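Structure record follows, encoded as structure tokens.
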Amino acid sequence: MIPYGRQEITQDDIDSVVAVLQSDFLTQGPQVPRFEQIVSQHVGAKHALAVNSATSALHIACLSLGLGEGDWLWTTPITFVASANCGLYCGARVDFVDINPKTYNLCSQVLEEKLEKAKQENRLPKILVAVHLCGQPCDMEAIYNLSQRFGFSIIEDASHAIGGKYKSEFIGSGCYSDITIFSFHPVKIVTTAEGGMALTNDDELASRMNLLRSHGVTRDQNLMTHEPDGPWYYQQVELGYNYRMTELQAALGITQMNRLDAFVARRHELAKRYDELLRNLPVITPWQHPDSYSGLHLYVIRLQLDAIKKTHRQVFESLREQGIGVNLHYIPVHTQPYYKEMGFEPDAYQQAMQYYREAISLPMFQGLEDQEQDDVVQALKTALEIGRDS
Ligand SMILES: *Cc1c(COP(=O)(O)O)cnc(C)c1O
């Protein structure tokens, strides 16, 4: 089976993790701050906070921005559930903004109309989670301008987008948002097994997230609310969590980061090959932003169902049967049973539903060989029944 995504682990990665195992610190040692520094320098952010998953990063990002009961968090329905769940963790309510049919990211025009309506109804969001689906950046300039006009904070869920650029700036530089999140799950571009990171240019937000990732406990006298009793003293000043990343994970992240540029470049090579190989097939290949650079976590095609005799499900099943580990990113979040019970109507987001009926993620990872990619394309032709009885 050719999977849709797979990590690349070299001897270098293995050696660095083994070296940590032989060192004094398995957690809370020098590797985590080193990893943070490497990522923040690479993307041009002032602060980086490594945590045990992107989901944890989203949670502490929301908390640090003051999200709580009575507030709203908005995001796109075409994302992993974590982009929305973080709002629920904080006791806030969640709503969705339909996608742009070309980029598959949340549509800034739909967002503007929804904001105008929400303003009249006095239910403006406190936070918008902008997800860079497949690594393709959202329309950040427009979203940022709306945030200034309507007064909400922006979290970029860049779980798919490390190594990519929006215009001339690396994603994570925070030019158009308060906090950016990366995921280091093995299917993503860079991996630490499990892991995530929150980046910000705001000292206050960084300080709050730093507390929240480690029980709300501090040894920093400046953050203490009471006079310390002695040198043994630590204080819990708010309710935090244990979301820390281990030294093993950070060491892996450091050696992976050495190859980030090569990873993304290879993904672009593969995307270009797919674009060419699929050109005459009844599928829509991904649109690429002309002056941005996608991280290309995913390569999603849309079936032109009018032009083929098969259903979406049949094509998907045929690919799986032929050993191609295709996937569907994503089932619209508002149709998940947990969200449906909150009263979301499936038809509320027409573009998202249309996308869901047509989308298939083809294998896309740095270790994918040209020959394997050719096999994927051949399997797709077979699934579409092209070149068989015609
Ligand atoms: C993978 C992913 C997450 C969650 O990442 P974890 O590190 O597994 O918690 C969140 N949002 C998006 C868009 C993702 O793809």
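Derivation of every value follows stated rules applied to the coordinates shown; laboratory data play no part. A quick note: this is a predicted structure, and the numbers were derived from the prediction, not measured. Neighbour counts are summed over all protein chains in view; Cβ atoms, including those assigned to glycine, are modelled from backbone coordinates with ideal geometry.
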(message) Please determine whether any residue of the stretch 15-37 is surrounded by fewer than 24 Cβ atoms within 10 Å (Cβ to Cβ), out of contact with any Gly (no Cβ under 9 Å at 6 or more places or on another chain) and among the hydroxyl-bearing types (S, T, Y).
(response) yes
(message) Take the residues in the stretch 181-219 that are without any contact (Cβ under 8 Å) to a residue 40 or more places away in the chain and either touching a helix residue (DSSP H, G or I) at 6+ places or on another chain (Cβ under 6 Å) or part of a strand (DSSP E or B) (or both); name whichever of them is surrounded by the fewest Cβ atoms within 10 Å (Cβ to Cβ).
(response) V217
(request) Provide a single number: the residues in the stretch 331-390 that are in contact with an Asp or Glu (Cβ under 8 Å, 6 or more places away or on another chain), closer than 24 Å to Y104 by Cα and in a loop (DSSP other than H, G, I, E, B). (result) 4
(request) Just name the residue that is farthest from the ligand (Cβ to nearest atom) out of those in the stretch 142-171 that are in contact with a Ser or Thr (Cβ under 9 Å, 6 or more places away or on another chain) and acidic (D, E). (result) E156
(request) Run down Y166, Y176 and say which single residue is closer than 18 Å to K46 by Cβ and touching a Pro at 6+ places or on another chain (Cβ under 9 Å). (result) Y166
(message) Condition first: β-branched (V, I, T) and over 20 Å from the mean Cα position of the chain (by Cα). Now tell me which residues in the stretch 104-152 satisfy that.
(response) V110
(request) Could you list all residues from the stretch 81-97 that are buried (at least 18 other Cβ atoms within 10 Å of the Cβ) and among the β-branched types (V, I, T)? (result) V94, V97
